[in-house]
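Okay, so here's the structure we're looking at.
The values are calculated or read from the model by the stated rules, or taken from the named source; none is laboratory data. Only a predicted model underlies this, so the values are computations on that prediction, with no experimental measurement involved. Ideal geometry is used to build each Cβ from the backbone, glycine not excepted, and the neighbour counts take in all protein chains shown.
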């Protein structure tokens, strides 16, 4: 992976992480189209640049994240992230294998697109308008919905937003709670990839930070990727919330369906290989 490829992947991450279109799916397909080899640093990079994206949420919503008098807010996030932590710990290796599958991404993109076409109509009687009204049980249930996104192409954002709306959150609150829940979820995934998980490279098992520190190019790519993901994510979040207030989710459903059909054609013609 060269620096230009790292920038492109980081832009894709920042742009799609908080939209209901699947950042992981887009990175898998982008890597395939760019011809990037699936070496361990590439896999590590695609997970670790999520750190830049979650910083965007903290910066944009800093008043909520640093209002320590609202301790219930932090408890709800901790409760909401428990299902993802548990399943991620139990099925880490299987999830890593799925991340390499464009076919899985294609199927998930199509299925998720169809669901998003009808979500506004299906959950059109919201009762919960602020995060203070979210109970601990509802936070946990949204966390369970979020785990569906461990399948590449599903979209963590889409799964948690649908979960929130199913729990009668307003569209805006469902999206914002999805952003908030992303912070501990993605921080845990990034920390695990950097400091706990051992990556097999050249017959040697090393931790993520050791792979990054082994060369100046890796350090620059990691820093550049997180910076780009941070900047682009800020723009994407602001756009998404403003768009959502007026138009809802249907356009994202059509986007996923069109993208899924294009991916299907690319797979069938061998442009993208499984």
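Among the residues examined, residue 143 does not qualify as out of contact with any strand residue (DSSP E or B) (no Cβ under 7 Å at 6 or more places or on another chain), closer than 13 Å to residue 249 by Cβ, at pLDDT 95 or above and part of a helix (DSSP H, G or I).
From the list 4, 33, 19, 87, the one residue that fits, being out of contact with any strand residue (DSSP E or B) (no Cβ under 6 Å at 6 or more places or on another chain), assigned to a helix (DSSP H, G or I) and at pLDDT 90 or above, is 4. The single condition among (1) modelled with pLDDT of 95 or more; (2) over 28 Å from residue 159 (Cα atoms); (3) surrounded by fewer than 17 Cβ atoms within 10 Å (Cβ to Cβ) that residue 269 does not meet is (1). In this structure, does residue 241 turn out to be assigned to a loop (DSSP other than H, G, I, E, B), modelled with pLDDT under 95 and surrounded by 16 or more Cβ atoms within 10 Å (Cβ to Cβ)? For residue 241, the condition - assigned to a loop (DSSP other than H, G, I, E, B), modelled with pLDDT under 95 and surrounded by 16 or more Cβ atoms within 10 Å (Cβ to Cβ) - is not met. Only one entry of 224, 196 meets the criterion of being surrounded by fewer than 24 Cβ atoms within 10 Å (Cβ to Cβ), over 20 Å from residue 138 (Cα atoms) and modelled with pLDDT of 95 or more, and that entry is 224. Total residues in the range 66-84 satisfying the condition of being within 23 Å of residue 189 (Cβ to Cβ) and part of a helix (DSSP H, G or I): the figure is 12. Scanning the range 148-172 for residues that are surrounded by fewer than 22 Cβ atoms within 10 Å (Cβ to Cβ) and part of a helix (DSSP H, G or I) yields 148, 150, 166, 171, 172. Note on the range 3-30: residues that are in contact (Cβ under 8 Å) with a residue 24 or more places away in the chain and either out of contact with any helix residue (DSSP H, G or I) (no Cβ under 7 Å at 6 or more places or on another chain) or farther than 19 Å from residue 239 by Cα (or both) total 10. Of all residues in the range 1-26, those that are within 16 Å of residue 230 (Cβ to Cβ) and more than 10 Å from the chain's Cα centre (by Cα) total 8.
Screening residue 187 with (1) touching a strand residue (DSSP E or B) at 6+ places or on another chain (Cβ under 9 Å); (2) surrounded by fewer than 17 Cβ atoms within 10 Å (Cβ to Cβ); (3) modelled with pLDDT under 95 gives one miss only, at (1). Evaluate the range 190-204: report whether one residue or more is over 23 Å from residue 87 (Cβ atoms), part of a strand (DSSP E or B) and out of contact with any helix residue (DSSP H, G or I) (no Cβ under 9 Å at 6 or more places or on another chain). So far as the range 190-204 goes, yes, one or more of its residues are over 23 Å from residue 87 (Cβ atoms), part of a strand (DSSP E or B) and out of contact with any helix residue (DSSP H, G or I) (no Cβ under 9 Å at 6 or more places or on another chain).
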